[in-house]
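Written below as structure tokens is the structure these notes are about.
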Amino acid sequence: MKLRFRGQLDRVFTIATGLSVVLLTLVLLAILGPMVYRGSSAVFFQGTVEFRKMQKNLFGRGDEQALHAEVAETEKVRQQVYEMIDAFKKGVDVEALSEQVRQIHRQFGQDLRDRNLPAGEYTRLRELTRQIRDKLEAAFRSQDINEIKRLVGEVLKDESNPQLKGTSAEKLFAIARQFLQAAGQIDLGKHQEYALALQEAEGILFHSEALPGLLGPRPGEPPAPLVMLRYGATRWDQAQTLLDRFLWVEHWVEEKPGEPLVLQRKPRAELFPEPLRPLFTYVEQNAGKMLHPRRTVYWQFLRDDNVNSHYFGGIGPEILGTMLITVVGMLFVIPLGIISAAYLVECASDGWTMRIIRMGINTLAGVPSIVFGLFGLAFFVLFLFPLLGFAPRPCILAASMTLAVLTLPVMIRASEEAIRSVPATYKEGSLALGASRFHTFIAVTFPAALPGILTGVILSLSRIAGETAPILFTGAVSLGAVPRSLFDPTRTLSYGSYDMAVGDRLGMMVPHNQYGMVVTLVLLILILNGAAIMLRTRVFKKLRGH
Amino acid sequence: MMNDGNVTLTLTPAADSPRPLVLTPGQDLRGYLAALLGRAFLFFLTFSSVLAVMLILVFVVIRSLGFLSSSSLMEFLASQSWRPTADPPVFGALAIIVGSLYVSLAALVFAVPLGILAAVFLSDMVSWKVRNVVKPIVEILAAIPSVAYGFFAVLVLAPWLQREFGFSTGTNALNASLILAVMALPTIISVAEDSISALGRELREASYSCGATRMETLLRVVIPAAHSGIIAAVVLGMMRAIGETMVVWMASGNAPQIPHPWWDLAQSVRTLTATIAGEMGEAPETSLHRGALFAMGVLLLLMTLGMNIVSEYFLARAKKAGGKA
């Protein structure tokens with residue numbers, strides 16, 4: 001019995017160890033899976049006509065005529081939306097109506113003055129339109145249909161006044177009549193509610209103060225100062241989110257007192273009276289026709305600069321900056337790392353100096369990355385640069401040198417292992433032929449160790465490209481011009497990923513760009529690491545074959 | 001020449017040989033000096049790693065001196081209120097130091113059992129082939145840049161934690177320590193696995209021959225024998241966690257407070273690294289605030305140096321133990 005129990009325990013233990021690895025794999029998949037999935041949608045997605053408009057205007061891409069035809073086609077379908085909303089607004093948006101009436105009144109006064117009427121005549125006419133204006137405004141504010149009928153009726157009596165015929169004041173009567181008609185159709189008690197709901201629906205359809213809408217600004221509107229407000233939903237997934245927000249109202253309700261609030265959805269159409277409801281069905285059914293989603297491969301994402309802090313465009317400068325910092329950093333690391341490794345293997349006696357050097361390398365590998373940042377700031381930026389006559393400000397060179405120091409241990413360890421694993425027979429053969437030790441290293445050991453050293457180079461590359469903390473104060477910026485020299489700071493993928501995730505409010509509105517940035521970084525590093533792993537296994541097999 | 005069987009050795013080199021076979025004393029001396037100088041130059045380059053460590057120490061300490069000399073060290077280490085921009089400023093880093101240790105230790109609580117199980121799995125349970133499949137998974141976990149982990153923590157894990165567990169905020173100590181655990185795992189697994197597999201077959205076979213099951217062998221014989229290496233693994237994992245910046249900055253909530261009650265991982269904390277990263281940009285040059293941040297850097301440096309020495313000691317012991325077995 002006890003033996004069986006022990007056997008079972010043993011099995012449980014074995015399963016537990018296996019599960020730990022399964023868990024690790026799941027964690028890896030949970031981290032990479034959603035990231036890669038969402039990030040790839042920065043390049044592969046359903047682009048709408050708004051996307052093609054944006055590409056044409058901002059980056060000059062695409063066929064002008066085809067775009068014009070497409071825009072015309074979509075505008076035709078959209079036209080009905082504009083009309084339905086305008087018609088409804090005449091009854092509901094009393095603020096706008098009041099403003100319109102006031103405007104007409106002012107214009108009329110201007111016209112009178114231009115006509116040089118006698119003073120008495122002028123005052124009388126002016127008084128007349130002022131009364132009309134006040135009555136109309138009272139009617140707009142009123143929530144009683146009978147009162148509105150009375151007020152508008154009074155206003156319309158003046159329509160026959162010959163002195164107003166053919167003047168700008170005539171428009172007032174048209175407004176009054178339209179309002180009377182619209183007011184008959186809606187529930188005046190809900191005036192306020194309609195006005196708010198309409199405002200929000202319009203915001204989602206066109207654009208609100210800060211957010212772009214589904215269809216973009218109405219034709220004829222002056223272009224918005226913010227580029228992102230000039231276009232509608234450029235992506236079909238974005239369009240569907242906006243459409244959902246357009247069609248449904250969400251609010252949190254307390255179903256039972258004391259319980260957590262529950263999210264409830266109800267159709268936005270219910271907030272509006274009968275005449276406007278067709279609008280919602282129309283938009284729902286014709287969204288595709290209004291936006292023309294089409295499969296798009298936006299590979300220029302990897303090349304374009306961003307527009308409106310990553311709302312549009314791509315991550316070109318970030319990739320460039322990461323590459324610059326990496327390449328310059330490698331210029332320092334590769335020679336220093338290989339020479340150090342060679343010295344450690346070839347020339348080192350096992351004395352105390354070697355022990356100190358080894359300890360130095362190990363310590364360097366353990367220093368927290370943020371301390372490297374502090375060091376880079378204190379040494380390179382604030383001490384070395386002024387000493388050499390450069391401006392003491394963060395720049396690519398400082399960031400590269402800081403990262404070079406950080407990744408030096410990786411390079412030294414990998415190269416040392418590579419040089420050490422070259423069979424001694426190679427060296428002995430060369431030495432026996434009379435070559436000097438230096439010559440032997442250059443001509444025999446180094447070429448033999450090269451694949452292994454290359455592994456170290458790739459690992460250092462991926463380390464430099466991925467680190468963020470050391471370049472926070474030494475050369476990374478979140479937004480700024482493309483660097484013109486090594487003494488400019490630069491944007492990088494790593495710092496950009498941080499900024500898009502935490503620092504940037506707009507980032508949340510464009511998750512595809514957010515994830516696109518971080519996935520580019522992760523894939524870059526995984527590809528480098530994969531290459532290093534493959535290279536290493538090949539070298540391993542080759543050395544084993546000997 | 002070979003065909004003749006008649007080899008003649010001459011002191012004059014062949015026409016195409018680059019070097020004479022015999023050197024004059026002057027050439028000899030020059031060669032010797034050149035070699036010596038070359039060696040010294042190479043030594044200097046190799047020494048640059050040590051130089052870098054010393055420069056790091058010196059420069060980070062120098063920048064913090066202004067703060068350490070004019071402000072009380074007692075307040076820095078023992079006060080909990082961190083108000084660098086108040087007037088007068090208060091630089092009490094205790095809550096932040098505790099926060100650093102807190103998330104790192106919490107990360108170890110998750111990572112150590114899992115890491116040891118995985119190390120045992122790799123070293124004792126599976127064949128070489130399976131191991132070669134699993135090993136890259138661990139390596140990929142180690143290769144993912146920390147900012148990507150932070151990105152995941154703040155955009156995926158934090159909302160999930162908030163939704164599933166009803167925390168008031170998803171960016172808290174639990175979030176940070178879970179991610180730190182994942183980041184420390186590759187270090188723990190590889191060092192622990194090295195020391196467990198270095199023990200050799202004899203020890204295991206002796207235990208099996210006494211009738212122990214595999215679990216008993218591993219838990220009572222192998223792991224106790226490999227304890228030095230495992231301790232080194234844990235210390236190295238802790239080092240990785242305490243020095244990590246981006247993840248804790250993005251995921252820990254950055255509230256300078258000591259969690260109360262102490263086991264409540266759902267509260268926000270702040271770490272040394274995150275404080276440095278977050279406040280350096282706002283601290284004016286030559287201000288006390290900047291000095292205080294550099295002092296935090298010194299503290300971090302001291303902690304990691306200490307842990308480095310401990311890990312080296314245990315690694316050396318593990319090497320000896322592995323050699324003996």
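The values are calculated or read from the model by the stated rules, or taken from the named source; none is laboratory data. A quick note: this is a predicted structure, and the numbers were derived from the prediction, not measured. Note: ideal-geometry Cβ built from the backbone for every residue, glycine included; neighbour counts use all protein chains shown. Accessible surface is based on the protein model in full, side chains and every heavy atom, while ligands, DNA and RNA are left aside. Shrake-Rupley method; radii C 1.70, N 1.55, O 1.52, S 1.80 Å.
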(request) Let me know the shape class of the range B:37-176, please: from the alpha-carbon gyration tensor, a ≥ b ≥ c as square roots of the eigenvalues, rounded when a/c is under 1.5, otherwise prolate if a/b is greater than b/c, or oblate. (result) oblate
(request) Quick one: check the C-alpha center-to-center distance for the range A:383-455 versus the range A:1-77, whole angstrom. (result) 39
(request) Using a 10 Å Cβ count of at most 12 others and DSSP loop calls, identify the longest part of chain B lacking such chymotrypsin sites (Phe, Trp or Tyr not before Pro). (result) B:1-261
(request) Go through the range A:93-144 and name the trypsin sites (Lys or Arg not before Pro) that are in a DSSP coil and have 16 or fewer other Cβ atoms within 10 Å of their Cβ. (result) A:Arg115
(request) On the full set of protein chains, 1.4 Å probe, figure out the accessible area of B:Ser123 and give it in Å² to the nearest 10. (result) 30
(request) Between the chain alone and the structure with every protein chain in place, find the residues of the range B:233-254 that drop at least 20 Å² of accessible area; heavy atoms, 1.4 Å probe. (result) B:Met239, B:Gly243, B:Thr245, B:Met246, B:Trp249, B:Met250
(request) Please identify every one of the chymotrypsin sites (Phe, Trp or Tyr not before Pro) in the range A:427-532 that sits in a loop by DSSP and has no more than 16 other beta carbons within 10 Å of its own beta carbon. (result) A:Phe487
(request) With +1 on each Lys and Arg Cβ and -1 on each Asp and Glu Cβ, and nothing else charged, work out how big the dipole of the range A:313-545 is about its Cα centre, in Debye to the nearest 20. (result) 500
(request) Keeping the other protein chains in place, figure out the carbon and sulfur percent of the accessible area of the range A:313-545, with a 1.4 Å probe. (result) 68
(request) Could you state how much accessible area is buried at the B-A interface, both sides summed, with a 1.4 Å probe, in Å² to the nearest 100? (result) 6600
(message) Filter A:Lys89/A:Lys266; A:Lys56/A:Lys289; A:Lys76/A:Lys165; A:Lys76/A:Lys190; A:Lys135/A:Lys190 down to the pairs with a C-alpha to C-alpha distance above 27 Å, please.
(response) A:Lys76/A:Lys165; A:Lys76/A:Lys190
(message) Would the range B:231-325 count as rounded, prolate or oblate if I go by the C-alpha gyration tensor, calling it rounded below 1.5 in a/c and otherwise prolate when a/b exceeds b/c, oblate otherwise?
(response) oblate
(request) Find out how many positive minus negative residues lie around B:Ile230, taking Lys and Arg as positive, Asp and Glu as negative, among other residues whose Cβ is under 12 Å from that of B:Ile230. (result) -1
(message) Under the rule that an exposed site lies in a DSSP loop and has at most 16 other Cβ atoms within 10 Å, name the longest stretch of chain A with no GluC sites (Glu not before Pro) of that kind, not counting the sites themselves.
(response) A:256-546
(request) Per residue of the range A:445-452, in order, report the coupling 6.51 cos²θ - 1.76 cosθ + 1.60 (Karplus, θ = phi - 60°) as ³J(HN,Hα) in whole Hz, putting x for Gly and Pro. (result) 5, 4, x, 5, 8, 4, x, x
(message) If you fit an axis through the alpha-carbon atoms of helix B:48-70 and take the longest principal axis of the Cα set of chain B, what angle between them do you get, 0 to 90°, nearest 10?
(response) 30
(request) Would you mind giving the mean number of other chain beta-carbons within 10 Å of the Cβ of each residue in B:117-124, as a whole number? (result) 5
(request) For the range A:79-186, state the average projected area of the convex hull of the C-alpha atoms over all orientations, rounded to one decimal in nm². (result) 7.2
(request) Please pull out the direction-averaged projected area of the range B:26-70, using the convex hull of its alpha-carbon atoms, in nm² to one decimal place. (result) 4.0
(message) Give me the percent of accessible area attributable to carbon and sulfur for chain B, probe 1.4 angstrom.
(response) 67
(message) Angle check, please: helix A:352-366 long axis (alpha carbons) against the longest principal axis of chain A (alpha carbons), in degrees 0 to 90, nearest 10.
(response) 20
(request) From zero up to wherever the largest Cα-Cα distance of the protein assembly as shown sits, split into 20 Å bins and tell me the percent of pairs in each. (result) 12, 33, 28, 17, 7, 2, 0, 0
(request) Calculate the tail of P(r) for the range A:1-158: the fraction of all Cα-Cα distances greater than 24 Å, expressed in %. (result) 71
(message) Which one, B:Leu288, B:Phe110, B:Ile137, is farthest towards the positive end of the dipole of the range B:94-324 when Lys and Arg carry +1 and Asp and Glu -1 on their Cβ?
(response) B:Ile137
(message) I'm a student and want to see the number: the projected area of the Cα convex hull of the range B:94-324, averaged over all directions, in nm².
(response) 14.5
(request) Would you grab the residues whose amide H sits under 5 Å from the one on A:Arg235? Only those 5+ places off in sequence or on another chain, please, with H modelled 1.01 Å from N. (result) A:Thr48
(request) Report the accessible area of A:Thr281, computed with a 1.4 Å probe over the heavy atoms of all protein chains in place, in Å² rounded to the nearest 10. (result) 70
(message) Nearest 10 degrees is fine. How inclined is helix A:191-205 to the longest principal axis of chain A, computing both from alpha carbons?
(response) 40
(message) If the only charges are +1 at each Lys and Arg Cβ and -1 at each Asp and Glu Cβ, what is the size of the charge dipole of the protein assembly as shown around the Cα centre, to the nearest 20 debye?
(response) 2040
(request) Would you check the accessible area of A:Leu344, probe 1.4 Å, heavy atoms only, in square angstrom rounded to 10? (result) 10
(message) Shape verdict for the range A:177-283, please, from the Cα gyration tensor: rounded (a/c under 1.5), prolate (a/b greater than b/c) or oblate.
(response) oblate
(message) Let me spell out the model: positive unit charges on the Cβ of Lys and Arg, negative unit charges on the Cβ of Asp and Glu, origin at the Cα centre of the range A:163-214. What dipole size does that give, in debye rounded to 20?
(response) 380
